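> Sending over a structure as structure tokens; questions will come in a sec.
The values are calculated or read from the model by the stated rules, or taken from the named source; none is laboratory data. Just so you know, these numbers come straight off a predicted model, no measurement behind them. All Cβ positions, even for glycine, are placed from backbone atoms using ideal geometry, and neighbour counts span all protein chains on display.
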Amino acid sequence: MRISRDRATSLLVIAPSVLAIGIFVYGLIVWTGYISTVQWDTLRPDYTFVGLANYQAIFAQNRFLMDIRNTVVFTISFIAASLTIGLLLANFIDRQIRAEGLFRNIFVFPMAISFIVTGVVWKWVLSPGTVETITTAGGSLLVSRPQGVNQLFGLDPASNRWLTDSHVVFLAPDSPLYGFLHSVGLGFLTSPNIGIPIALFSLVIAAVWQMSGFVMVLYLAGLRAIPEELKEAARVDGCTEWRIFRHIVFPLLTPITLSAMIILGHISLKIYDLAVAMTPGGGPGFATDTPALFMWQTAFRDDHFGRGAAVAIVMLVLVAGVVVPYLVWTRRQEVEA
Amino acid sequence: MSGETNPQPSDPTGRRSTPGAALGDILAARKIDPLDVVVVTDDEEEVTATKRVRTGTSVGRGAHSHGPRARILRFIMYAILFVFVLWYLAPVYVLLVTSLKPSSQVTLDKMWTLPWPPSLDGFSAAWTALAPNFVNSLKLAIPAAILSSILGSMNGYVLAKWKFRGADTLFTLILFGMFIPYQAILIPLTQVMSDVGLYGSIQGLILVHIIYGIPITTLIFRNYYAAIPTELLEAAKVDGAGFIRIYRSILLPLSASGFVVVLIWQFNSVWNDFLFAATLTTQPNWPMTVALNNLAGSFAVDWNVQMAGALIAAMPTLLVFIILGRYFVRGLLAGSLKG
């Protein structure tokens, strides 16, 4: 009798949360999906069914194609840089360094700061400065006034454009790879839409600054959970430190690497705050635009709610593609444990 | 035995890693805190003599045999660390020196120079502009963090100790909520909020943060309570304690550090949130992040004011990090190393 009453109480306690998640996560996702199939493109809701027209509309917009390109470039470089730096710093910190706590805190503190603050500061640091032409009696004169990093390292703002760089690196028609890709039917890879926008790396620098300390913490926890006997045994067998790392330590860190990739990956797929703070307009030629920024402006600034919902659903599908397998995988691990 | 030594005296908890336990086990326990765990490597080349002296233990073989190669490697390591320190601190330097400059000195070509004489003009101007929003952020983040923690604690208790059929599947479904891009619920959410009359208000934003905070707070508490032995609860049940008494007299007294972790986590994410705040509140109710972004986007505002504003916006969470960094890091791990 007692047990069943307790059971009822327990269900009663968790019911409001389950209901809230059911409505506000799953219910609203379904509702967003519905909005993505209706006309609604003014302030006043208009639920005229239009099928997939909103999806066709966003994929026809060059800006959205740029956004997808940016997301791919950003995600890959952000994850690669954060993992590399995080692993490197964790390894160093795990080696009995002096003032370990101080180093650790310096690497982790950006996690306590909002992306908005990070963006405001890095925007200033990564602005190139100006180059002005001054016309004098003896002719015109170029006067450069470098700012931020350019000023610090004495770089020329005319050639180091950072956040304002409009270059997109893609395969030139005269490169050997260009012909090769076309000959094997991968010609679409040479489209300018698939290039690498240089300005985006300024965003990557700021994002890595904020998140690499987090990766360091994850790896440090992993490193310190590896039994010393394991490494010692390898050392006795004459393994070098590098081989120990390569063949023993790094494989044992695989679950951490995977977790970190998922977490960084889902952050980068939906990154919004940093882009708003650094380049609210999406940067030169949308070089630093993101799907989240596009979604917000489409829906809440331009009142194209139908199309905004379509962008949101595309984002959700991308994130779910990364996160759902991860959740299933961790769930299985838990069952096994 | 060279694989481990005593924890550093400076470590109050004195916990150390369990050699021999598999990495997966330890990570699954999720109680790992790299700030607590101290494993001293026995590689004598890597061990500094001072560290050994401080730990007060005998040194394995040849702690003094620093070869020249090891020294060079160590020097390179410190050099690289130092470069990273500069990279991490450069924005802080810019923030500090710029915010302390009088407007007359805030020119682009003096960006990296020290402010002389330092001036608090930037701070007073930023505070005048942002003080109401700072108060908004406090009125938002403190109740949201407290209510989230209470809710998370009760959910975690049920999902860890009163598992029902399908409880784990339900938990996974709840967890999904913390990964979704909030864009995917934002449009109908604004509709719902205005339908119930909460659009634009701080109360509405508190409610939103509590709801979307359920997954992470439940996750942290569930894992926290899972580590408490079930025998303890069984014994209490035999003594006639019910659901609520067990929670009040057993779980709650053991929950202090769990609450600290969750409170910090939620305070941090609510304080730093921009997306919900920018979408669901209107001017007089803007929290700090939205007001700062607005201030920084304006060309009419001097850089010293912007940087001072950014510092003020970062200060509360930074202070929490400085004072309670250990719990902050534990939250980071708990939020990511789910097993």
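> Regarding the range B:255-270, can at least one residue be identified that is closer than 28 Å to B:Gly297 by Cα, in contact with an Asp or Glu (Cβ under 8 Å, 6 or more places away or on another chain) and assigned to a helix (DSSP H, G or I)?
Among the residues of the range B:255-270, not one is closer than 28 Å to B:Gly297 by Cα, in contact with an Asp or Glu (Cβ under 8 Å, 6 or more places away or on another chain) and assigned to a helix (DSSP H, G or I), which makes the answer no.
> Which of (1) of a type in the set (Val, Ile, Thr); (2) without any contact (Cβ under 8 Å) to a residue 60 or more places away in the chain; (3) in contact with a strand residue (DSSP E or B) (Cβ under 9 Å, 6 or more places away or on another chain) is the odd one out, the single condition A:Ile198 does not satisfy?
With (1) of a type in the set (Val, Ile, Thr); (2) without any contact (Cβ under 8 Å) to a residue 60 or more places away in the chain; (3) in contact with a strand residue (DSSP E or B) (Cβ under 9 Å, 6 or more places away or on another chain) applied to A:Ile198, the lone miss is (2).
> Moving to a separate point now. Give the residues of the range A:110-151 that are within 26 Å of B:Met315 (Cβ to Cβ), within 7 Å of chain B (Cβ to nearest Cβ) and of a type in the set (Gly, Ala, Ser), sorted by residue number.
Hits for the range A:110-151 are A:Ala112, A:Ser114, A:Gly148.
> Take the range A:279-292 and flag every residue that is crowded, with 24+ Cβ neighbours inside 10 Å and facing another protein chain (nearest Cβ under 10 Å).
Result: A:Pro291, A:Ala292.
> When the residues of the range B:162-187 are filtered to those that are of a type in the set (A, V, I, L, M) and more than 27 Å from the chain's Cα centre (by Cα), which remaining residue is farthest from A:Ala310 (Cα to Cα)? Can you show your working first?
We begin by selecting, within the range B:162-187, every residue of a type in the set (A, V, I, L, M); these are B:167, B:170, B:173-175, B:178, B:180, B:184-187.
With the extra rule that they be more than 27 Å from the chain's Cα centre (by Cα), the set shrinks to B:167, B:187.
Numbers: B:Ala167: 33, B:Ile187: 11 Å.
So, considering only residues that are of a type in the set (A, V, I, L, M) and more than 27 Å from the chain's Cα centre (by Cα), the one farthest from A:Ala310 (Cα to Cα) is B:Ala167.
> Shifting gears a bit: Determine if the range A:240-252 includes at least one residue that is in contact (Cβ under 8 Å) with a residue 40 or more places away in the chain and buried (at least 24 other Cβ atoms within 10 Å of the Cβ). Step through it out loud before you land on a result.
Kept after step one, since they are in contact (Cβ under 8 Å) with a residue 40 or more places away in the chain, are these residues of the range A:240-252: A:245.
Add one more test, that the residue is buried (at least 24 other Cβ atoms within 10 Å of the Cβ), and what stays is none.
Among the residues of the range A:240-252, not one is in contact (Cβ under 8 Å) with a residue 40 or more places away in the chain and buried (at least 24 other Cβ atoms within 10 Å of the Cβ), which makes the answer no.
> (1) in contact with a Ser or Thr (Cβ under 7 Å, 6 or more places away or on another chain); (2) surrounded by 21 or more Cβ atoms within 10 Å (Cβ to Cβ); (3) not β-branched (Val, Ile, Thr): which one isn't true of A:Leu142, the others all being true?
Against the list (1) in contact with a Ser or Thr (Cβ under 7 Å, 6 or more places away or on another chain); (2) surrounded by 21 or more Cβ atoms within 10 Å (Cβ to Cβ); (3) not β-branched (Val, Ile, Thr), A:Leu142 comes up short only on (2).
> For the range A:88-99, name all the residues that are free of Cβ contacts under 8 Å to residues at least 40 places away in the same chain and either within 9 Å of chain B (Cβ to nearest Cβ) or under 25 Å from the mean Cα position of the chain (by Cα) (or both). Break it down into steps so the answer makes sense when it comes.
Pass one, the range A:88-99, residues free of Cβ contacts under 8 Å to residues at least 40 places away in the same chain: A:88, A:92, A:95-99.
The answer is A:Leu88, A:Phe92, A:Arg95, A:Gln96, A:Ile97, A:Arg98.
> With respect to B:Val329, is the statement that it is within 10 Å of another protein chain (Cβ to nearest Cβ), assigned to a helix (DSSP H, G or I) and at pLDDT 95 or above true? Can you show your working first?
Working: within 10 Å of another protein chain (Cβ to nearest Cβ): yes; assigned to a helix (DSSP H, G or I): yes; at pLDDT 95 or above: no.
Answer is no for this residue.
> Separate question: Return a yes/no flag: does the range A:298-321 have any residue that is touching a residue at least 60 places away in the same chain (Cβ under 8 Å) and not in a helix (DSSP H, G or I).
Yes, some residue in the range A:298-321 is touching a residue at least 60 places away in the same chain (Cβ under 8 Å) and not in a helix (DSSP H, G or I).
> May I pose another question? What residue, of A:Ala275, A:Ala221, A:Ala234, is assigned to a helix (DSSP H, G or I) and within 7 Å of chain B (Cβ to nearest Cβ)? First the steps, then the outcome.
On the way: A:Ala275 fails: within 7 Å of chain B (Cβ to nearest Cβ); A:Ala234 fails: within 7 Å of chain B (Cβ to nearest Cβ).
A:Ala221 is the lone residue from the list that is assigned to a helix (DSSP H, G or I) and within 7 Å of chain B (Cβ to nearest Cβ).
> Take the conditions closer than 20 Å to A:Asp273 by Cβ, assigned to a loop (DSSP other than H, G, I, E, B) and not basic (Lys, Arg) and apply them to B:Pro181. Does it pass?
Details: closer than 20 Å to A:Asp273 by Cβ: yes; assigned to a loop (DSSP other than H, G, I, E, B): yes; not basic (Lys, Arg): yes.
Judged against the criteria, B:Pro181 is a match.
> Taking the condition of being farther than 17 Å from B:Asn155 by Cα and surrounded by 11 or more Cβ atoms within 10 Å (Cβ to Cβ), how many residues in the range B:235-248 meet it? Explain how you work it out, then say what you get.
Residues of the range B:235-248 farther than 17 Å from B:Asn155 by Cα: B:235-241.
After this cut, where a residue has to be surrounded by 11 or more Cβ atoms within 10 Å (Cβ to Cβ) as well, the list is B:235-237, B:241.
So the answer is 4.
> Would the range B:96-106 turn up any residue that is in contact (Cβ under 8 Å) with a residue 60 or more places away in the chain and facing chain A (nearest Cβ under 9 Å)?
yes
> Name every residue in the range A:129-154 that is in a loop (DSSP other than H, G, I, E, B) and either in the same structural domain as A:Gly282 (by TED's automatic domain parsing) or over 24 Å from B:Ala296 (Cβ atoms) (or both), in order of residue number. Give the steps one after another, and end with the answer.
At the first step, the residues of the range A:129-154 found to be in a loop (DSSP other than H, G, I, E, B) are A:137-138, A:147, A:154.
Once the filter is applied, which keeps residues that are in a loop (DSSP other than H, G, I, E, B) and either in the same structural domain as A:Gly282 (by TED's automatic domain parsing) or over 24 Å from B:Ala296 (Cβ atoms) (or both), the range A:129-154 yields A:Ala137, A:Gly138, A:Gly154.
> To continue, here is another question. I'd like the full set of residues that are within 9 Å of chain A (Cβ to nearest Cβ) and of a type in the set (Lys, Arg), limited to the range B:164-201.
If the condition is that a residue be within 9 Å of chain A (Cβ to nearest Cβ) and of a type in the set (Lys, Arg), then no residue fits.
> I would also like to ask the following. B:Ala300 fails exactly one of the following numbered conditions: (1) assigned to a loop (DSSP other than H, G, I, E, B); (2) within 13 Å of chain A (Cβ to nearest Cβ). What is the number of that condition?
(2)
> I need a count of the residues in the range A:157-170 that are in contact with a strand residue (DSSP E or B) (Cβ under 9 Å, 6 or more places away or on another chain) and exposed (fewer than 14 other Cβ atoms within 10 Å of the Cβ). First the steps, then the outcome.
We begin by selecting, within the range A:157-170, every residue in contact with a strand residue (DSSP E or B) (Cβ under 9 Å, 6 or more places away or on another chain); these are A:157-158, A:160, A:165-170.
Subsequent filtering for residues that are exposed (fewer than 14 other Cβ atoms within 10 Å of the Cβ) retains A:166, A:169.
Selection size over the range A:157-170: 2.
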